[in-house]
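S.K.: Below you'll find the structure I mean.
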Amino acid sequence: MKDLERSLLIAFSAASFFIVGVGIVLPAWIAFHIGGSGLVGLVLLSSSAAGLLLAPVAGHLADRHDRAQVTVAGQAIRALGLTLLAPIGFVAESLSPVLLVASGVLGAFGFALVSGSLSGILQAIIPEAQRMGFALRLSLFNQLGIAIGTGATGLAIDRLGSLTSALMFATATLACLPGLKTITAQARDVRSSQRLSLLPASRQALRYLLTSPQALSAAVTVGLAFAVIQITNLLLPGFVIRSLDGDSGLFGLLEMAAAITGMVALAVVGFPSIAKRLQGLTPTILAIAGASLSLFSLATNPIVAVVLYCVAGMLWNVSRAAANGHLLTIVDAGMIGRVQAFTTLLTGGFGLAIYLLPTIMPGASEATLYMACGVVIVVCVGGLSIWTKDQEQSQR
């Protein structure tokens, strides 16, 4: 029964990220045909802003209520968001942008609810000692879910059109819900004991982080792991053109190679015997991933760049998954929703600073920024590790 629960949890999570893939392609495609790139930017901005602003609310709800019910609510909200895309093109032209923005907001909020509640469910059914390995395997299937979702959406739009695709994927969002009953049937502590309102609950979570160095360190580590991905997404196109004298073909090859090797790395480290050895090594892996940014910045030959980017891709994927696994291992089950909300805010803050780098430092090349960001990541990880150890010793 336990194996069935775990398999269904992996399948449910992968299906959830399949819908993430749908959300990457379908709204952007519809928005472009309605209002061009400007409307696409508005939809993406509203979705990102909603994800940040509503993260504390979603984390609070995930910790306060039955997590299976929160998951159902989150999936229903995401389905509603996709359904709002169906009438676009048939309603008044002035109403289409409103529906697109509303769809993006609902999708972001629904995903935040599902993410927080599934983390609580995972903690309830996976023993602490096994969470790192399970999180590494789960990350692999989640990435596959996104990849399949983006490809399937493009194919569906081509064959069925936007309206039918939106309704079909909205239905698919709800179709996986019956499996939740089996997943949570034998789980303990799926319902959190906390019944505080939003502000007191948020203050409680903040006090928890401030008095638990390991939990705070784990949360910040997740933010730093995502920062590595944000840095390379921002700088790679310019680096390919200016440092490697390449074109879109080389850019696509680098991204594809890193994605493939990253998933292979996750498949390898997901084996229990290997995952067990990674316990406690998350900061080290993240520091090496940061150093890989600096090493990649030195590449001037396309072949060398591809090899280095493959190695970097493996490190980035493993460090991100390990950081999430460490967070699920360290953080109290009654706090996981709110702590994940904190990591979302932290990741958004890092992202804002990173995406402003070309504006703040207009004269710096992408290679220079890669080098500087890599050094900053290594220094931050080292400083965070030293601070955590000092705090733990002072509390003894």
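The values are calculated or read from the model by the stated rules, or taken from the named source; none is laboratory data. On a predicted model such as this, the values are computed, not experimentally measured, just so you know. Here the Cβ is made from the backbone with ideal geometry for all residues, glycine too, and neighbour counts use every protein chain on show. In case anyone asks, the SASA skips ligands and DNA or RNA and just uses the protein heavy atoms, side chains included. Shrake-Rupley method; radii C 1.70, N 1.55, O 1.52, S 1.80 Å.
S.K.: Of these, GLY51, GLY110, which one is crowded, with 24+ Cβ neighbours inside 10 Å, in a helix (DSSP H, G or I) and of a type outside the set (Asp, Glu)?
M.R.: That would be GLY110, the only listed residue that is crowded, with 24+ Cβ neighbours inside 10 Å, in a helix (DSSP H, G or I) and of a type outside the set (Asp, Glu).
S.K.: Every residue in region 60-82 that is assigned to a helix (DSSP H, G or I), of a type outside the set (A, V, I, L, M) and in contact with a Ser or Thr (Cβ under 8 Å, 6 or more places away or on another chain), please.
M.R.: HIS60, ASP63, ARG64, ARG67, THR71, GLY74, GLN75, ARG78, GLY81
One line per residue, one yes/no per condition, for (1) touching an Asp or Glu at 6+ places or on another chain (Cβ under 9 Å); (2) of a type in the set (A, V, I, L, M, F, W, C); (3) closer than 19 Å to THR284 by Cβ:
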| position | (1), (2), (3) |
| --- | --- |
| THR221 | no, no, yes |
| ARG242 | yes, no, no |
| GLY246 | no, no, no |
| GLY249 | no, no, no |
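S.K.: Name every residue in region 207-252 that is hydrophobic (A, V, I, L, M, F, W, C), open to solvent by less than 30 Å² (accessible area, probe 1.4 Å) and closer than 22 Å to SER297 by Cα, in order of residue number.
M.R.: Result: LEU224, ALA225, ALA227, VAL228, ILE231, LEU235, LEU236, PHE239, VAL240, LEU244, LEU250.
S.K.: Among the helices (runs of 4 or more DSSP H) lying completely within region 265-378, list those that include at least 2 residues that are among the β-branched types (Val, Ile, Thr) and surrounded by 14 or more Cβ atoms within 10 Å (Cβ to Cβ).
M.R.: Output list reads 282-297, 302-330, 336-355.
S.K.: Residues being outside any helix (DSSP H, G or I) and touching a Lys or Arg at 6+ places or on another chain (Cβ under 8 Å): count how many of those fall in region 116-135. Break it down into steps so the answer makes sense when it comes.
M.R.: Of region 116-135, the ones outside any helix (DSSP H, G or I) are 126-127.
From the residues that got through so far, the ones that are touching a Lys or Arg at 6+ places or on another chain (Cβ under 8 Å) too are 126.
Total satisfying the criteria: 1.
S.K.: Among the numbered criteria (1) part of a loop (DSSP other than H, G, I, E, B); (2) modelled with pLDDT of 85 or more; (3) surrounded by fewer than 23 Cβ atoms within 10 Å (Cβ to Cβ); (4) of a type outside the set (Asp, Glu), which single criterion is violated by LEU85?
M.R.: Of the numbered conditions (1) part of a loop (DSSP other than H, G, I, E, B); (2) modelled with pLDDT of 85 or more; (3) surrounded by fewer than 23 Cβ atoms within 10 Å (Cβ to Cβ); (4) of a type outside the set (Asp, Glu), the odd one out for LEU85 is (3).
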